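The values are calculated or read from the model by the stated rules, or taken from the named source; none is laboratory data. Just so we're clear, the structure is a prediction, and the values are computed from it rather than from any experiment. Ideal geometry is used to build each Cβ from the backbone, glycine not excepted, and the neighbour counts take in all protein chains shown. With ligands, DNA and RNA removed, areas are computed over all heavy atoms of the protein, side chains included. Shrake-Rupley method; radii C 1.70, N 1.55, O 1.52, S 1.80 Å.
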Amino acid sequence: MTMKELERCIEVYGKDIYTFCLWLAKDQGHADDLYQDTFLTAIEVIDRIDSKENVKSYLLSISIRIWKNRKRKWAWRNRIAPTVEMAEDFNVDLAYEEKDRVLEGERSAVLKSAIAALPEKHRVMILLYYMEELPQERIAEILHVPIGTVKSRLYAARKHLRSELEGYFNE
């Protein structure tokens with residue numbers, strides 16, 4: 001792959017990759033770093049990227065690998081010297097008084113928090129399958145797991161979300 005082709009991929013897939021990074025990191029600052037490091041790594045391994053293959057999947061797998069490495073490093077450092085996070089108060093500005101918008105925003109927030117509460121192995125499956133719309137076979141390739149593992153994790157994640165959100169969306 002050439003730099004021009006990679007630039008084109010950034011234009012085409014950049015927003016999707018960034019959104020995925022936001023879901024993984026759950027924080028805009030960490031997501032920005034993850035997004036930037038994803039494309040820096042892509043530049044480093046540009047000769048190994050085949051532009052005829054699914055480049056978006058390759059970039060997603062780079063993001064996942066970087067995120068897992070960071071989490072592992074953070075966990076190790078936290079065992080040695082635990083950090084204390086500062087609590088931030090967020091003021092919710094309800095500028096929209098329309099009932100539908102408020103309800104839709106609430107539903108979206110509940111769904112996002114339910115997805116965020118999933119264990120990482122299930123959350124990644126949900127994000128890759130529903131948000132990135134990747135087939136199960138491609139998810140198995142990206143995560144280097146058997147297809148049966150992808151299916152069982154998706155099933156478990158759906159089951160958990162269904163029980164967590166039961167009655168909330170079925171009015």
I'm trying to understand the selection: among the residues of the stretch 13-29, which are open to solvent by 20 Å² or more (accessible area, probe 1.4 Å) and in contact (Cβ under 8 Å) with a residue 12 or more places away in the chain? Y13, D16, Y18, T19, W23, K26
Boolean, D37 is more than 17 Å from L127 (Cα to Cα) and modelled with pLDDT of 90 or more: yes
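Filter the stretch 44-70 down to the residues that are in a helix (DSSP H, G or I), farther than 14 Å from I17 by Cα and in contact with a helix residue (DSSP H, G or I) (Cβ under 7 Å, 6 or more places away or on another chain) and list them by number. Give the steps one after another, and end with the answer.
Going residue by residue through the stretch 44-70, those that are in a helix (DSSP H, G or I) are 44, 46-48, 55-70.
Narrowing further to those that are farther than 14 Å from I17 by Cα: 44, 46-48, 68-70.
Answer for the stretch 44-70, where residues must be in a helix (DSSP H, G or I), farther than 14 Å from I17 by Cα and in contact with a helix residue (DSSP H, G or I) (Cβ under 7 Å, 6 or more places away or on another chain): just I46.
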Considering residues that are over 21 Å from the mean Cα position of the chain (by Cα) and not hydrophobic (A, V, I, L, M, F, W, C), the number found within the stretch 1-58 is 12
